[in-house]
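The values are calculated or read from the model by the stated rules, or taken from the named source; none is laboratory data. What you are looking at is a predicted structure, and each value in this text was computed from that prediction instead of being measured. Cβ placement follows ideal geometry from the backbone for every residue including glycine, while neighbour counts extend to all protein chains displayed. Heavy atoms of the whole protein, side chains included, go into the accessibility calculation; ligands, DNA and RNA do not. Shrake-Rupley method; radii C 1.70, N 1.55, O 1.52, S 1.80 Å.
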Amino acid sequence: MFYWVVKAILSPILHLVFRPYTEGADNVPRQGPAILAGNHLSFADHFFGPLQLRRKVISLGKSDYFTGRGLKGFFTRLFFSGVGTVPIDRSGGKASEAALRTGLRILREGYVLGIYPEGTRSPDGRLYKGKTGVARLALESRVPVIPWAMVDTFEMMPPGRALPKLGIRPGVRFGKPLDFSRYYGMEDDRLVLRAVTDEIMYALMELSGQEYVDKYAASAKVEMERESKAAKAVSHAD
């Protein structure tokens with residue numbers, strides 16, 4: 001109920017201020033479980049991604065969003081609960097398996113599960129290599145996978161920006177459902193998981209028009225931070 005209350009409040013405001021557009025929403029089934037696999041450009045994706053859908057989209061988010069203290073922690077928990085986020089531990093190992101089981105449970109209950117295969121927001125607006133958790137979910141659940149591309153949300157609200165820029169019209173594009181039935185029963189094969197994930201990322205690249213980078217976004221962030229520190233050190237030395 002809280003999800004729909006938040007959506008009812010935010011939807012007319014976002015439409016009035018930003019005039020977002022949506023393409024291909026009919027590709028999302030009106031009932032039954034489905035996976036929405038999307039690129040992740042901005043914090044604004046949480047607002048505009050599910051905006052035009054009449055179905056609730058549940059996403060998996062890091063547990064840190066729900067453990068903050070004070071007034072900021074309260075509003076953070078309130079927001080992520082309101083946009084349908086379920087907290088998970090993303091530390092890896094057994095936690096990754098627990099996250100997978102949470103995703104499967106959500107799908108078994110008939111919901112739409114939104115997932116960002118890149119694992120984190122793009123640091124520069126490009127599309128990065130997907131993690132294979134989305135492939136395991138697709139093959140174990142045997143539900144349709146719909147590519148879910150955010151457009152121009154990076155330009156509107158890049159990492160580090162607290163408020164979105166006005167004058168930029170964000171969009172969301174839903175692609176045709178991807179069929180991976182030929183791989184059912186092969187969810188323990190790493191090569192199959194990589195092939196499925198790469199097919200999803202290729203569909204996202206086609207939908208979004210982004211440049212693809214064959215490395216993980218988290219690794220790219222570390223490299224960028226290292227290069228930035230090195231550049232500052234050289235600048236101070238001069």
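For region 178-190, check the following and say yes or no: at least one residue is closer than 23 Å to residue 52 by Cα and at pLDDT 95 or above. Step through it out loud before you land on a result.
Quick first cut of region 178-190, residues closer than 23 Å to residue 52 by Cα only: 178.
Going one step further and asking which of them are at pLDDT 95 or above, we end up with 178.
Checked against the condition, which is being closer than 23 Å to residue 52 by Cα and at pLDDT 95 or above, region 178-190 yields at least one hit.
Report yes if residue 149 is over 19 Å from residue 206 (Cα atoms), out of contact with any His (no Cβ under 8 Å at 6 or more places or on another chain) and crowded, with 24+ Cβ neighbours inside 10 Å, otherwise no.
The answer is no for residue 149.
Do any residues in region 41-63 that are without any contact (Cβ under 8 Å) to a residue 24 or more places away in the chain have Cβ atoms under 7 Å from those of residues that are open to solvent by less than 10 Å² (accessible area, probe 1.4 Å) and assigned to a helix (DSSP H, G or I), where the two are at least six apart or on different chains, and which pairs are they?
Correct list of pairs: empty, since none qualify.
Looking only at region 160-184, filter to residues that are free of Cβ contacts under 8 Å to residues at least 60 places away in the same chain and charged (D, E, K, R); which one of those is least open to solvent (accessible area, probe 1.4 Å)?
Ranking the candidates gives 165 first.
Against the condition assigned to a helix (DSSP H, G or I) and at negative phi, how does residue 162 come out, does it pass? Quick ask: steps written out before the conclusion?
Working: assigned to a helix (DSSP H, G or I): no; at negative phi: yes.
Spelling it out, it is not the case that residue 162 is assigned to a helix (DSSP H, G or I) and at negative phi.
Name every residue in region 202-235 that is open to solvent by 80 Å² or more (accessible area, probe 1.4 Å), within 17 Å of residue 120 (Cβ to Cβ) and among the basic types (Lys, Arg), in order of residue number.
First, pick out the residues of region 202-235 that are open to solvent by 80 Å² or more (accessible area, probe 1.4 Å): 202, 206, 211, 214, 225-227, 229, 232, 234.
When the remaining residues are screened for being within 17 Å of residue 120 (Cβ to Cβ), the result is 214, 225-226.
Correct list: 226 only.
Quick check: is even one residue across region 21-41 of a type in the set (S, T, N, Q), surrounded by 12 or more Cβ atoms within 10 Å (Cβ to Cβ) and touching a Ser or Thr at 6+ places or on another chain (Cβ under 9 Å)? First the steps, then the outcome.
Of region 21-41, the ones of a type in the set (S, T, N, Q) are 22, 27, 31, 39.
Narrowing the set further to residues that are surrounded by 12 or more Cβ atoms within 10 Å (Cβ to Cβ) leaves 22, 27, 39.
Cutting the leftovers down to touching a Ser or Thr at 6+ places or on another chain (Cβ under 9 Å) gives us 39.
Yes, some residue in region 21-41 is of a type in the set (S, T, N, Q), surrounded by 12 or more Cβ atoms within 10 Å (Cβ to Cβ) and touching a Ser or Thr at 6+ places or on another chain (Cβ under 9 Å).
Results for (1) in contact with a strand residue (DSSP E or B) (Cβ under 6 Å, 6 or more places away or on another chain); (2) open to solvent by 40 Å² or more (accessible area, probe 1.4 Å); (3) outside any helix (DSSP H, G or I), shown as yes or no for each residue.
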residue: 186; (1), (2), (3): no, yes, yes
residue: 194; (1), (2), (3): no, yes, no
residue: 197; (1), (2), (3): no, no, no
residue: 200; (1), (2), (3): yes, no, no
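Step by step: first the residues of region 8-20, then only those that are in contact (Cβ under 8 Å) with a residue 60 or more places away in the chain and in a helix (DSSP H, G or I), then the one that is least open to solvent (accessible area, probe 1.4 Å). Which residue is that? Write out each step before concluding.
The first filter runs over region 8-20 and keeps only residues in contact (Cβ under 8 Å) with a residue 60 or more places away in the chain, leaving 17-20.
Subset that is in a helix (DSSP H, G or I): 17-18.
On the way: 17: 76, 18: 23 Å².
My answer is 18.
For the structure I just gave you, tell me whether residue 28 is among the β-branched types (Val, Ile, Thr) and at pLDDT 95 or above.
Details: among the β-branched types (Val, Ile, Thr): yes; at pLDDT 95 or above: yes.
Criteria met by residue 28.
Within region 1-60, work out how many residues are within 18 Å of residue 80 (Cβ to Cβ), among the polar types (S, T, N, Q) and in contact with a helix residue (DSSP H, G or I) (Cβ under 7 Å, 6 or more places away or on another chain).
Of the residues in region 1-60, 1 are within 18 Å of residue 80 (Cβ to Cβ), among the polar types (S, T, N, Q) and in contact with a helix residue (DSSP H, G or I) (Cβ under 7 Å, 6 or more places away or on another chain).
Please return the ranges of helices (runs of 4 or more DSSP H) entirely within region 50-158 where 3 or more residues are modelled with pLDDT under 80 and not aromatic (Phe, Trp, Tyr).
70-82, 94-108
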